[in-house]
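*Asks:* Next up is a structure, given as structure tokens.
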Amino acid sequence: MRKALLPAIFVTLFALLLLPASSSAQIAVGVSVHIGPPILPIYTQPPCPVDGYIWTPGYWAWGAEGYYWVPGVWVAPPRVGVLWTPGYWGFVGGVYAWHAGYWGPHVGFYGGINYGFGYGGVGFVGGHWGGGGFVYNTAVVNVNTTVVRNVYVDKTVINNTTVNNHYAFNGEGGVAARPTATEMSYEHEQHIQPTANQLSHEQTARADRNQLASVNHGSPATTSMDKVDGRRFNQQARIAQGVHSGQLTPGETAHLEHQQKNINQQVRTDREANGGKLTNAEKKQVNHEQNNASRQIYKDKHNDKTAPK
């Protein structure tokens, strides 16, 4: 583990000064921490549930209790024609600084991080806008072909763009990538901040203790989702609210968390066995188990037991 050499605020300003002049107006350096993020977990991408949704890869975010995993998820872009540039951690001057992601006409520099599923380190090869809609490259992304019709296959882009590692940060000890002249030119374009759904998605992940690296040791309970506010995360949000309000005792919380962990593991195993998808029977079984879990959450939150103050 590296230790900071300079005060965090000073280092953040120092990191900004080291960025190319053309990028300073667009790149937002957020939180700076002294500990590097874990490596990126390997996971299966769920199929795109809605035509026009774009994949936003999972990432390690920082909160009051350390790093937590924000699952990769399909989201609706803020408007037609924009693409997602993922955020990334950069190690500069003794600290790790977070460079927030954004929407824009082109995919800019994201640290050379191999997030997978079209984000191999440079640009995005998982699809493009055409004819007023988004067209998906099924060589690198997973789509539900019953609802998504605009697809093509281009396998030539895989080896040309993929960085063969799972580092979650750019800089010494991580990915040694620098922005190209083209990527730097994209910094002059108009950018759009993450959508309300994306912000809500991150907040929900932060409230789920199973997503904490200190709890899961780099193997998050939920690595990816087909859409924001999926039922699994809604259940976790209800548990987190119960803990915060004192309605759930430590024992009740542990039992409910274990229940959700088992369901998540079942979904992960079933998807891996079926090429990233769930069969109708598996979906029915998961829904049944979540119904039982939902009733248990309500029961535990509304009994006479409360957490000690």
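The values are calculated or read from the model by the stated rules, or taken from the named source; none is laboratory data. Quantities reported herein were computed from a predicted structural model and do not represent experimental measurements. Ligands, DNA and RNA are excluded from the accessible area calculation, which covers all protein heavy atoms including side chains. Shrake-Rupley method; radii C 1.70, N 1.55, O 1.52, S 1.80 Å.
*Asks:* Compute log10 of I(q)/I(0) for region 92-227 with the Debye formula, placing one identical point scatterer on every Cα and leaving out solvent, at q = 0.13, 0.15, 0.20 Å⁻¹, to two decimals.
*Replies:* -0.73, -0.99, -1.57
*Asks:* How much of the accessible area of region 108-152, in percent, comes from carbon and sulfur atoms when a 1.4 Å probe is used?
*Replies:* On region 108-152, the fraction of accessible area on carbon and sulfur atoms equals 55 percent.
*Asks:* Now for a separate question. Relative contact order for region 93-184: what percent, with Cα pairs under 8 Å and sequence separation of 6 or more?
*Replies:* Across region 93-184, relative contact order equals 31 percent.
*Asks:* Given a 1.4 angstrom probe, what's the average accessible area per residue across region 47-116, in square angstrom?
*Replies:* So region 47-116 comes to 24 Å² accessible per residue, rounded to a whole number.
*Asks:* Take the Cα radius of gyration of region 67-121 and divide it by 2.2 N^0.38 Å, with N its residue count; two decimals is plenty. Intermediate results must be reported in sequence, preceding the final value.
*Replies:* Details: Rg = 12.4 Å, N = 55, 2.2 N^0.38 = 10.1 Å.
Cα Rg divided by the expected 2.2 N^0.38 Å: 1.23.
*Asks:* Could you tell me the extents of region 239-309's C-alpha atoms along the three principal axes, largest first, rounded to whole Å?
*Replies:* Principal-axis extents of the Cα atoms in region 239-309, largest first: 47, 17, 15 Å.
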